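The values are calculated or read from the model by the stated rules, or taken from the named source; none is laboratory data. Nothing here was measured: the structure is a model prediction, and the numbers come from that model. Neighbour counts are summed over all protein chains in view; Cβ atoms, including those assigned to glycine, are modelled from backbone coordinates with ideal geometry. Note: areas computed on protein heavy atoms with side chains; ligands, DNA, RNA excluded. Shrake-Rupley method; radii C 1.70, N 1.55, O 1.52, S 1.80 Å.
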Amino acid sequence: QVHLVESGGGLVQPGGSLRLSCAASGSISSMNIMGWYRQPPGNQRELVATITSGGVPNYADSVKGRFTISRGNAKNTVYLQMNSLKPEDTAVYFCRLVGGGYPYWGQGTQVTVSS
């Protein structure tokens, strides 16, 4: 079983920054992909960014140039640095890990961008 814990959400003004963190624990395959997804109010969950265990990132077009995903030294941690935040970035952000063919999800953290 894999357990994911997110942190770092909150309320920020447009143009501001936040950093999300996700720590994974449990039986984790060394070959895995970690990432962030978000679910805006009234909408479906969507991809934000992913990163392979080798450090190769992938971003949704809507966040390219503003968000940066990275792995921690512990490898089973992932961060999402969010800059130039917009009101449309408001959502619940979920961490996901895919390892051994199985997806695991965190409980989500709320990000609200509002003046």
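Is there any pair with a first residue in segment 88-115 that is touching a residue at least 40 places away in the same chain (Cβ under 8 Å) and a second that is among the acidic types (Asp, Glu) whose Cβ atoms are under 6 Å apart and which are 6 or more apart or on different chains, and what are they?
Close Cβ pairs (under 6 Å, with a partner that is among the acidic types (Asp, Glu)) amount to CYS95/GLU6; GLY106/GLU6; THR109/GLU6; VAL113/ASP89.
Pairs, please: C-beta under 6 Å, at least 6 apart or cross-chain, first residue of a type in the set (Gly, Ala, Ser) and in segment 63-84, second open to solvent by less than 40 Å² (accessible area, probe 1.4 Å)?
Every condition considered, the pairs that remain are SER84/ARG66.
State all residues of segment 56-79 that are part of a loop (DSSP other than H, G, I, E, B) and either open to solvent by less than 40 Å² (accessible area, probe 1.4 Å) or on the phi < 0 side of the Ramachandran plot (or both); if no residue qualifies, say none. Spell out how you get there, then give the answer.
Initially, segment 56-79 is screened for residues part of a loop (DSSP other than H, G, I, E, B), giving 56, 60, 64-66, 72-76.
Scanning segment 56-79 gives VAL56, ALA60, LYS64, ARG66, GLY72, ASN73, ALA74, ASN76.
Take TYR37 and decide whether it is within 20 Å of ALA23 (Cα to Cα) and at pLDDT below 95.
Values: within 20 Å of ALA23 (Cα to Cα): yes; at pLDDT below 95: no.
No.
Mind listing whichever residues of segment 20-54 are hydrophobic (A, V, I, L, M, F, W, C), touching a residue at least 40 places away in the same chain (Cβ under 8 Å) and either open to solvent by 40 Å² or more (accessible area, probe 1.4 Å) or part of a loop (DSSP other than H, G, I, E, B) (or both)?
Taking segment 20-54 as the starting set, the residues that turn out to be hydrophobic (A, V, I, L, M, F, W, C) are 20, 22-24, 28, 31, 33-34, 36, 47-49, 51.
Checking the rest, the ones that are also touching a residue at least 40 places away in the same chain (Cβ under 8 Å) come to 20, 22-24, 28, 31, 33-34, 36, 48.
Listed by number, the residues that qualify are ALA23, ILE28, MET31, ILE33.
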